[in-house]
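The structure under discussion appears below in the form of structure tokens.
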Amino acid sequence: MGKSYIITSFKGGVGKTVTSTNLAYQLAKRGSNVLLIDCDKQGNSSKAFNAYEHEWTLADVLLGDCSITDAIQHVTESDIGRLDIISANMFLLAADRRILLDTTKPQQTRLSNALDSVERDYTYCIIDCAPDINISVINALVASDDVIIPVTIDRYAFDGISEILTQVDDVKKYYNPNIRFAGCLVTKYKNDDFTNDGIKALKQLFGTVFDSKIRNTDMVSKSTFAGETVIEYSPRCGASRSYAELAAEIERGQNNG
């Protein structure tokens, strides 16, 4: 695997799934082979690509009931890149409980171990996580290189960021020494004094913020109702251009190590 990114936040409504699906789609469109993993029992990333009803899901992979290749679905493919997905649904909730009860094998490294068998097939792995810290999310952290935290600049903007960074430090200490905080990603961006002052405060508190900012547009909500990425729904809107900029920034970071 070239690089694995976990998109996570303890706050709802910040654009985790929109970022995961659009970043994955954009990277594939730009020529990379991308694996998107839905690690949220609500399965919204799966629904975005009409992959929710697949026989094998992330729950089955974590429980060892199927191989990771059984769970991979092909979403889109071109001459230069492809996008695949491992879906999730409500069975992930039961899987979390069963994993915690199963002490016969490691609980935290199941996803990482499963990904080893397909690491040569993909340039990027994008993991969309629930606003929670459970055993499936811990598995996602252990399997990731970089952590991206979407943030909207509002009254509750910084809620939960410190807690996520604490979890990252714990995973780094015990399971995955290579994981790092890649930065906060500002979503629903408006170019006004309030938002820009909030970004300055975000940098002062947490250090790293992506240069790319996801512009605020109602095309994002409209695209979800249409069952498309915003890039497919409205290629020229501000959010589509923003995700193209984010993909380019990710690629530059990859090339720079």
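The figures follow:
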quantity	calculated
Longest DSSP-loop-exposure-free segment, trypsin sites (Lys or Arg not before Pro), the chain, at most 10 other Cβ within 10 Å	1-154
Structure-based [θ]222 nm, the chain - -39500 (n - 2.57) summed over DSSP H runs of at least 4, per residue, nearest 500	-12500 deg cm²/dmol
Global geometry of the range 71-197, whether rounded, prolate or oblate, following the gyration tensor of its Cα atoms and the 1.5 cut on a/c	oblate
THR104/ASP159 FRET efficiency (R0 51 Å; Cβ-Cβ; nearest 0.05)	0.85
Relative contact order %, the chain, counting alpha carbon pairs below 8 Å whose residues are six or more apart	25
Potential extension, ASP132-ASP170 segment - 0.36 nm per residue separation minus Cα distance	12.1 nm
Residues whose placed amide H lies under 5 Å from that of ASN33, excluding near-sequence neighbours	ARG82, THR123, TYR124
1.4 Å probe accessible area per residue over the range 1-94, in Å²	38
The chain - charge dipole about Cα centre, Lys and Arg +1 at Cβ, Asp and Glu -1, debye rounded to 20	580
With every protein chain in place, the chain: carbon and sulfur % of accessible area (1.4 Å)	46
Full-extension gain in nm, ARG252 to LEU63, via 0.36 nm per residue minus C-alpha separation	64.5 nm
Residue-normalised accessible area of the range 102-251, given per residue in Å² at a 1.4 Å probe	49
Sequence-separation-based contact order of the range 19-167, relative, with Cα cut under 8 Å and 6+ spacing, percent	29
Projected label distance in nm at PHE194 and ARG30, using a 7 Å step from Cα toward the beta-carbon	3.2
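The values are calculated or read from the model by the stated rules, or taken from the named source; none is laboratory data. Please read all numbers here as calculations on a predicted model, not as lab measurements. So basically every Cβ, Gly included, is an ideal-geometry build from the backbone, and we count neighbours across all protein chains shown. Just the protein is used for accessible areas: all its heavy atoms, side chains included, with ligands, DNA and RNA removed. Shrake-Rupley method; radii C 1.70, N 1.55, O 1.52, S 1.80 Å.
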